[in-house]
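Trainee: Handing you a structure now.
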Amino acid sequence: MQRRLFFIGLVACLCLPGLASSETTADQFRNTKRPSFGAAEPAASFTELIFWNVGDDLEGFAATALGAPGWYLIRFESPREAAAALQSLRQVPGLGVAPNAQLKIARDQFVPNDPYFVANAPSSGWPGQWGLQNSFVANRDIRVTPAWLRNLTGQGVIVGIIDDGFDTGHLDLSSNFTAANSFDFAGNDTNVSPGSAGDIHGTALAGIIAARGGNSRGITGVAPFALWSGQRVNMDAPVSAQLVNAALHRSSGASVFIRVKNHSYGGSIPW
């Protein structure tokens, strides 16, 4: 039983803040990339040993108590001394001993592999997504790369986009689309597809915000693992009530699912 508790304790130590397993709704976090850590591997060498079932004859040798009766830790001057002690103490009947090896933990970093992200690819002259990462003029972009290198990619967040219509079946948009949080305030239904051939702004905007990045296809959004929802309104004949209702949709009251709302439909449209 003590050995089992020992390994449970190691697992508990690796449950770092921000890696919660429980979420609110399955749809809210569908297809998101959880904050994760790369391979955690024991170090090749160790200088500490953990003992359990320590009797009175070894309590003076194992000077550092670990909190549980009979559990101790000892630190050696070198990995060589620790390895030699490990081999010797494993021969002691009834004594449990194991190396207290440190773990090498590396956080994931998001690096786009999407073909239209970089300049001059897939063909010469293509400008790439210079608004996200400008390879022509340094710092003339939104400086999103440092966030990506910290694996801040929008996971667990739903973005609401108020616009003219959305191609929800687009191959670079469909996996991050959440229908449960979308609504057409012009047609009073759940179909947020464009109402006419000219309704193209919402689709383009959804791509800038949350096109699925890292899928070797198309582009990447600023938040490539955020979910996006559409709040469609009639931009040809805008009605203030539609805009107000879209702004409040699932962003107010007792149940708030959408944490970010985007309004970029022109300053001439009245509220």
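Trainee: Against the definition (in contact with a His (Cβ under 6 Å, 6 or more places away or on another chain), within 26 Å of Trp130 (Cβ to Cβ), buried (at least 20 other Cβ atoms within 10 Å of the Cβ) and not basic (Lys, Arg)), how does Asp172 come out, yes or no?
Mentor: no
Trainee: Now, a different point. Any residue that is open to solvent by 10 Å² or more (accessible area, probe 1.4 Å), under 15 Å from the mean Cα position of the chain (by Cα) and modelled with pLDDT of 95 or more - is there at least one of those in the range 226-247?
Mentor: No, every residue in the range 226-247 fails to be open to solvent by 10 Å² or more (accessible area, probe 1.4 Å), under 15 Å from the mean Cα position of the chain (by Cα) and modelled with pLDDT of 95 or more.
Trainee: Something else about it: Could you please find all residues in the range 66-87 being at pLDDT below 80 and open to solvent by 70 Å² or more (accessible area, probe 1.4 Å)?
Mentor: Leu66, Gly67, Pro69
Trainee: Would you call Arg90 under 17 Å from Gln102 (Cβ atoms) and either surrounded by fewer than 16 Cβ atoms within 10 Å (Cβ to Cβ) or at pLDDT 80 or above (or both)?
Mentor: no
Trainee: Here's another thing I want to ask about it. Among Ser193, Ser268, which is part of a loop (DSSP other than H, G, I, E, B), free of Cβ contacts under 8 Å to residues at least 24 places away in the same chain and open to solvent by 20 Å² or more (accessible area, probe 1.4 Å)?
Mentor: Unique residue meeting the criteria: Ser268.
Trainee: Further, regarding this structure: List, please: which pairs have Cβ atoms under 7 Å, are six or more places apart or on different chains, and start with a residue in the range 179-190 that is surrounded by fewer than 13 Cβ atoms within 10 Å (Cβ to Cβ) and end with one that is in a loop (DSSP other than H, G, I, E, B)?
Mentor: Between residues of the range 179-190 that are surrounded by fewer than 13 Cβ atoms within 10 Å (Cβ to Cβ) and residues that are in a loop (DSSP other than H, G, I, E, B), the close pairs are Thr190/Ser182.
Trainee: Then there's this: Please determine, by comparing only the residues of the range 125-148 that are of a type in the set (A, V, I, L, M) and open to solvent by 50 Å² or more (accessible area, probe 1.4 Å), which one is nearest to Pro112 (Cα to Cα).
Mentor: So the residue we want is Ile142.
Trainee: A further question on this structure: Please identify the pairs in which a residue from the range 97-114 that is farther than 30 Å from Ala211 by Cβ has its Cβ atom under 9 Å from the Cβ atom of a residue that is at pLDDT 95 or above and not charged (D, E, K, R), counting only partners at least 6 apart or on another chain.
Mentor: Nothing qualifies.
The values are calculated or read from the model by the stated rules, or taken from the named source; none is laboratory data. All figures in this text were calculated on a predicted structure; none of them were measured in a lab. Glycine gets a Cβ as well: all are built from the backbone with ideal geometry, and neighbour counts include every protein chain shown. These area figures cover heavy atoms from the full protein model, side chains too; ligands, DNA and RNA do not enter into them. Shrake-Rupley method; radii C 1.70, N 1.55, O 1.52, S 1.80 Å.
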